[in-house]
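A short reminder: the numbers here are calculations on the coordinates, not readings from a lab. Predicted model only: the values in this text are computed from it and were never measured. Positions of Cβ are backbone-derived with ideal geometry, glycine not excepted, and every protein chain shown enters the neighbour counts.
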Amino acid sequence: MTNIIQTGIHKAIAGIMKGVDFIKKDRKNAAQGYNFRGIDDMYNALHGLFADAGVFISSEITNTRREERTNTKGTLLIWTIVDACFTFYAEDGSFVKTTMVGEAMDSGDKGCNKAMSAALKYALMQMLLIPTEESKDTEDDTHQLAAGQQKIPTGNKEAETLGIPPEKKPIRTKTVITQKQFEQAVERIQKNDEHSQGVYDNTVKYFDLSQAQLDTLSGLLNSNPQKKTA
């Protein structure tokens, strides 16, 4: 049997996981109506546990990508994507690393700050498997579709533009959106034409989007008073 040396950080992280309770999704996205947990919720719930365990975190941004976007009102937005590496240190100097991508869009100088916060929030969620009160796993839901409703619509111009395949199998999971597909969706919605709402609806329906991506698309769509997200 292989002997596994348990260093201080491994024991400390395990101890923090034992102490973590669920963190409610008490914040609400007004544009789209979904609840979420913010980075401040993470700090409030975890600070004491990290302090008691003698664990601290350092961060390193290994890559940054920024692009300028203009919404339908003509406001310049800075779209920021960061690749962040977080190192968790224990008192004995042992450590573990985790990497995460964060992205955000802002009209001022807060784009990078928001992207870093998003990256840390999801790094903590995945590292510590932080639960919520509610069950949102798709495996908990079972749906019986009526006849003739088990195919992805074909001939849909917005779906075809975004690269959604005309599958003939029942829809089981959403596809992870690629960077190119997301950029195409942003560009189409920014055109503010009769297809903007359809592009938004299809992107949300068929692709697995991050919270930052949802906020970006809904923000662009809602910047036009005549367009409303579902």
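Here are some notes:
- Rh (Kirkwood; distinct C-alpha pairs) - the range 71-120, Å: 12.3
- Label-point gap, in nm, between Lys11 and Lys191 - each point 7 angstrom along Cα→Cβ: 6.1
- Inter-label distance, nm, simple model (7 Å from Cα along the C-beta direction), Asn44/Thr75: 2.6
- Of Lys73/Lys180; Lys97/Lys205; Lys18/Lys110; Lys114/Lys180, pairs whose Cα-Cα distance is over 29 Å: Lys97/Lys205; Lys18/Lys110
- Taking a ≥ b ≥ c as the square roots of the eigenvalues of the Cα gyration tensor, the range 7-133 is oblate, since a/c reaches 1.5 or more and a/b is not larger than b/c.
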